[in-house]
Amino acid sequence: MDNAVRFGARIKEADTLRYTPAGIPVLGLVLEHESWQLEAGEPYLARFEMQAKIIGEQAKIWQNKVGSMVEVAGFLAAYSQKYRRPILHIQTIDENKG
């Protein structure tokens, strides 16, 4: 099965940078998306917020970039074993300057 997600968004919120017991940086984000899509041939305004996280050195770079427009790609997984709602694990993130 494939599990790949890619979309443009604005970084709405960034948590405080934290570290795993192994010393790996982790940053939680809230991403906000809005776009017009076609559904059954009709325009549809798609809006959502999604929780995401970045693990590794990229987390340090993005901790102070709230408000930035970005293109993200990654995969969805359960937030935790207890909370099964999805969170986006960001594998690539690029600032959209245009």
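The values are calculated or read from the model by the stated rules, or taken from the named source; none is laboratory data. As the structure is a prediction and not an experimental result, all values here were calculated from the model. As a convention, Cβ positions derive from the backbone with ideal geometry for all residues, glycine included, and neighbour counts pool all protein chains shown. Heads up: the accessible areas ignore ligands, DNA and RNA and are worked out on the full protein's heavy atoms, side chains in. Shrake-Rupley method; radii C 1.70, N 1.55, O 1.52, S 1.80 Å.
The table that follows gives values for the structure above.
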| item | result |
| --- | --- |
| Only Lys, Arg (+1) and Asp, Glu (-1) charged, at Cβ; the chain dipole about Cα centre in debye | 420 |
| Where Phe48, Phe7 fall by accessible area, highest first, once all protein chains stay in place (1.4 Å) | Phe48, Phe7 |
| Number of Lys pairs (Cα under 17 Å; 8 or more positions apart or on different chains) in the chain | 6 |
| Nonlocal amide H pairs with Leu88, under 5 Å, H built at 1.01 Å | Gln51, Ala52, Lys53 |
| Helix-only [θ]222 nm of the chain, DSSP H runs n ≥ 4, -39500 (n - 2.57) each, per residue, nearest 500 | -1500 deg cm²/dmol |
| Note, ³J(HN,Hα) from phi for the range 26-36, Karplus 6.51, -1.76, 1.60, rounded to Hz, x at Gly and Pro | 9, 10, x, 10, 10, 9, 10, 10, 8, 7, 8 |
| Lys82-Val26 pseudo-label distance in nm [points 7 Å out on the Cα-to-Cβ vector] | 1.3 |
| Signed unit charges on C-beta, dipole axis of the range 38-98, positive-most listed residue Ser80, Gly41, Ile55 | Ser80 |
| FRET E, pair Leu45, Glu95, Förster distance 30 Å, beta-carbon r, rounded to 0.05 | 0.80 |
| Rg over Rh [alpha-carbon atoms, Kirkwood Rh] for the range 32-98 | 1.03 |
